[in-house]
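The values are calculated or read from the model by the stated rules, or taken from the named source; none is laboratory data. Computed from a predicted structure; not experimentally measured. Cβ atoms come from the backbone with ideal geometry, glycine included; neighbour counts cover every protein chain shown.
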Amino acid sequence: MLGSMMQQPLLVSSLLKHAERHHGSQEIVSRRVEGDIHRTTYRELAERARRMANAVAALGLVRGQRAATLAWNGYRHMELYYAVSGSGAVLHTLNPRLHPDQVVWIADHAEDQILFFDLTFLPLIEVIAPRVTTIKAFVAMTDRAHMPASSTVANLLCYEDLLEAASPDFTWPEFDENTASSLCYTSGTTGNPKGALYSHRSTVLHTYAAALPDAMDCSARDTILPVVPMFHVNAWGLPYVACMVGAKLVFPGPFLDGKHLHELFETEGVTLSAGVPTVWQGLLAHVEANNLTFSTMRRTVIGGAACPPAMMRTFQERYDVNVLHAWGMTEISPLGTACALKPRQLALPAQERLAIQAKQGRAVFGVDMKIVDEEGQALPHDGKASGELLVRGPWIIRDYFRGEGGDPLVQQDGVGWFPTGDVATIDADGFMQITDRSKDVIKSGGEWISSIELENIAMAHPGVAMAACIAAQHPKWDERPLLVVVKKPDAPLTRDELIAFYEGRIAKWWTPDDVVFVDAIPLGATGKVQKNKLREQFGDLLVAVAG
Ligand code: AMP
């Protein structure tokens, strides 16, 4: 028997309609590429999004087609989130940190029709414009006064001019909630990039889950500053969550250094932020060096890569900012788990609490997960057995955009599971802990060593600014851990001192065989360590030593 409830599709536009109606005067503050601070409200933003929906229709964008952005976190980018998806077209957020060849390849693969860009990316646009094959219009996200005087880009349009010419009368259309809403490519280290195509339904359900108290814990009383870029998995969904709960939003634009971020945290009264560990490193260094504090920030979500416990301790014990460790993937919209403690755990001594917070956390409702061995057999949730993490749920991809790479799912118990490529344990309380990417694991004499755990220990040494642990080939053990380290400025740290630091903190045979000091560790387009590059550079170091 069917229930007798209304059939109302879950649509992205409903989030903005809600924010406009119930939180119309709530602020959205952006640091613009021009360097100034811009203030708007949900009411104004919703009107401009409707104008932009008319403008993109006038440019010929029809339902299902892709409109791309190359843009920082800002109010115009947010307008496009709603204008494009809300009209039934697909918002494709391009990652400007990729090599221009890759940007061209991805834009062509997605068959983007319009490209909106922040002025900072004009040089990139000039390189790619003559090469992309489907883009008909390039829109500079600025006003007439800031339009570039001359440019080689054909069909260069001005965002504010488009808005001004468009009518604010637009009714957000209703359509099937399974319609595609946005598209984000993974920056895979091997093979071509692959697109994750989100739907309205998956986005709205993910928004409900992400806002929950044991997930990102967002409310109308929050001021949220997403540092995580809007071109990286929709800033972890925060531009949608903020509308759903009516939170004040603060966008940092391109200014992601410690000084600019800290200034915004303080002047705008930010209560919640979110980003990858490498960003927080810059912020903490600035705050420490200048004896600053956080007067309003109460918590920060850290994910995208393992958050070193040393960073958590600094945030929590020194600055009274609670860290929520979270795990996700482009293919998972991105939220999979969040590490909110259970009541019994809150009562534990600080050190034990920290050990739990280093885990990536519990599955949010909507995500099913399990770990399996190499034969695909399910492993126990005892916090010890580690295996590949499989997930399924309504905001987890079924296949990549345009079927790229074939069927990614593995069949288990009669249903499809998405293999994450992460190796993890799950404990009896349901807390998942990533020990490695499957391609990054170190297998020494047939036994696994967790590179993340070795990195976390190195990061706890006061002389270490950044550490990455890789599998180096070894004549006897096949692979052994090799630590690559960036020292803090002027730290008198030696190899032997760092090796000795592992004593008593880890099983002796896990101790890294050697340490390489470098000036910088290569980071990818989403701020993650490129271990493949380190392996290319240092992977045979131990062979050379042994030889
Ligand atoms: P991306 O799709 O680029 O966001 O990358 C997803 C991958 O980042 C995951 O499969 C993990 O390997 C890694 N990752 C994300 N969050 C965490 C975390 N909290 N701890 C460790 N690794 C993480």
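Buried (at least 17 other Cβ atoms within 10 Å of the Cβ) and either outside any strand (DSSP E or B) or not basic (Lys, Arg) (or both), is that true of residue 471? Talk me through it step by step, then tell me what you get.
Numbers: buried (at least 17 other Cβ atoms within 10 Å of the Cβ): yes; either outside any strand (DSSP E or B) or not basic (Lys, Arg) (or both): yes.
When the stated conditions are applied, residue 471 passes them.
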Quick one: which of 227, 250 is within 16 Å of the ligand (Cβ to nearest atom), modelled with pLDDT of 95 or more and either not hydroxyl-bearing (Ser, Thr, Tyr) or not assigned by TED's automatic domain parsing to the domain that holds residue 34 (or both)?
227
Return the only residue of 255, 265 being over 30 Å from residue 201 (Cα atoms), in contact with a Lys or Arg (Cβ under 8 Å, 6 or more places away or on another chain), aromatic (Phe, Trp, Tyr) and in contact (Cβ under 8 Å) with a residue 12 or more places away in the chain.
255
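Hey, does region 272-290 have a residue that's more than 14 Å from the ligand (Cβ to nearest atom), closer than 21 Å to residue 40 by Cα and within 20 Å of the chain's Cα centre (by Cα)?
Of region 272-290, the ones more than 14 Å from the ligand (Cβ to nearest atom) are 272-273, 281-290.
Pick out the ones that are also closer than 21 Å to residue 40 by Cα and you get 272-273.
Those still in the list that are within 20 Å of the chain's Cα centre (by Cα) too: 272-273.
Yes, region 272-290 contains at least one residue that is more than 14 Å from the ligand (Cβ to nearest atom), closer than 21 Å to residue 40 by Cα and within 20 Å of the chain's Cα centre (by Cα).
Taking the conditions exactly as written (in a loop (DSSP other than H, G, I, E, B) and more than 9 Å from the ligand (Cβ to nearest atom)), does residue 348 satisfy them or not?
On the way: in a loop (DSSP other than H, G, I, E, B): yes; more than 9 Å from the ligand (Cβ to nearest atom): yes.
So residue 348 fits the description; yes.
Go through 376, 336, 366 for me and flag whichever is in contact with a Phe, Trp or Tyr (Cβ under 8 Å, 6 or more places away or on another chain), small (Gly, Ala, Ser) and in a loop (DSSP other than H, G, I, E, B).
Details: 376 fails: in contact with a Phe, Trp or Tyr (Cβ under 8 Å, 6 or more places away or on another chain); 336 fails: in a loop (DSSP other than H, G, I, E, B).
The unique qualifying residue is 366.
Can we say residue 112 is farther than 22 Å from residue 32 by Cβ, in contact with a Lys or Arg (Cβ under 8 Å, 6 or more places away or on another chain) and acidic (Asp, Glu)?
Working: farther than 22 Å from residue 32 by Cβ: yes; in contact with a Lys or Arg (Cβ under 8 Å, 6 or more places away or on another chain): yes; acidic (Asp, Glu): yes.
For residue 112, the condition - farther than 22 Å from residue 32 by Cβ, in contact with a Lys or Arg (Cβ under 8 Å, 6 or more places away or on another chain) and acidic (Asp, Glu) - is met.
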All-but-one check, residue 214 against (1) more than 18 Å from residue 395 (Cβ to Cβ); (2) of a type in the set (Asp, Glu); (3) in a loop (DSSP other than H, G, I, E, B), failing number (1)
Assess whether residue 357 counts as being touching a helix residue (DSSP H, G or I) at 6+ places or on another chain (Cβ under 7 Å) and either within 13 Å of the ligand (Cβ to nearest atom) or basic (Lys, Arg) (or both).
yes
Exception for residue 327 within (1) within 15 Å of the ligand (Cβ to nearest atom); (2) touching a helix residue (DSSP H, G or I) at 6+ places or on another chain (Cβ under 8 Å); (3) of a type in the set (Phe, Trp, Tyr); (4) more than 28 Å from residue 40 (Cα to Cα) falls at (2)
Applying the selection to region 146-189, what residues are part of a helix (DSSP H, G or I) and aromatic (Phe, Trp, Tyr)?
159
What residue, of 56, 33, 29, is at pLDDT below 95 and crowded, with 16+ Cβ neighbours inside 10 Å?
33
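Can you tell me which residue within region 431-448, out of those that are more than 19 Å from residue 312 (Cβ to Cβ) and either more than 16 Å from the ligand (Cβ to nearest atom) or among the polar types (S, T, N, Q) (or both), is farthest from the chain's Cα centre (by Cα)? Can you show your working first?
Looking only at region 431-448, we keep the residues that are more than 19 Å from residue 312 (Cβ to Cβ), and these are 436-448.
Going one step further and asking which of them are either more than 16 Å from the ligand (Cβ to nearest atom) or among the polar types (S, T, N, Q) (or both), we end up with 438, 443-447.
Values: 438: 20, 443: 28, 444: 31, 445: 35, 446: 33, 447: 31 Å.
Within region 431-448, the match that is farthest from the chain's Cα centre (by Cα) is 445.
Residue by residue, here is whether (1) crowded, with 17+ Cβ neighbours inside 10 Å; (2) not hydrophobic (A, V, I, L, M, F, W, C) holds:
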position	(1), (2)
298	no, yes
305	yes, no
313	no, yes
317	no, yes
324	yes, no
331	yes, yes
337	yes, yes
When region 291-317 is checked residue by residue, the ones that are over 25 Å from residue 423 (Cα atoms) and either within 12 Å of the ligand (Cβ to nearest atom) or hydrophobic (A, V, I, L, M, F, W, C) (or both) are 292, 294, 297, 315
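I need the full set of residues from region 330-345 which are within 11 Å of the ligand (Cβ to nearest atom) and either free of Cβ contacts under 8 Å to residues at least 40 places away in the same chain or out of contact with any Asp or Glu (no Cβ under 8 Å at 6 or more places or on another chain) (or both), in order please.
Filtering region 330-345 down to residues within 11 Å of the ligand (Cβ to nearest atom) leaves 330-339.
330, 331, 332, 333, 334, 335, 336, 337, 339, listed by residue number.
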Is it the case that some residue within region 375-397 is under 26 Å from the mean Cα position of the chain (by Cα), surrounded by 13 or more Cβ atoms within 10 Å (Cβ to Cβ), within 13 Å of the ligand (Cβ to nearest atom) and aromatic (Phe, Trp, Tyr)?
no
Going by what's in this entry, would residue 363 be described as among the small types (Gly, Ala, Ser) and either within 24 Å of residue 177 (Cα to Cα) or within 19 Å of the chain's Cα centre (by Cα) (or both)?
yes
Go through (1) in a helix (DSSP H, G or I); (2) away from the ligand (no atom under 16 Å from the Cβ) for residue 457 and report which single condition fails.
(2)
Across region 495-532, what is the number of residues that are surrounded by 16 or more Cβ atoms within 10 Å (Cβ to Cβ), among the basic types (Lys, Arg) and in a helix (DSSP H, G or I)?
1
Any residue in region 374-400 that's under 30 Å from residue 183 (Cα atoms): show its pairings with residues that are aromatic (Phe, Trp, Tyr) at Cβ separation under 6 Å, as long as the two are six or more apart or on different chains.
390/417; 391/418; 392/417; 396/418
Residues of region 1-44 satisfying the condition of being part of a strand (DSSP E or B) and not assigned by TED's automatic domain parsing to the domain that holds residue 221
none
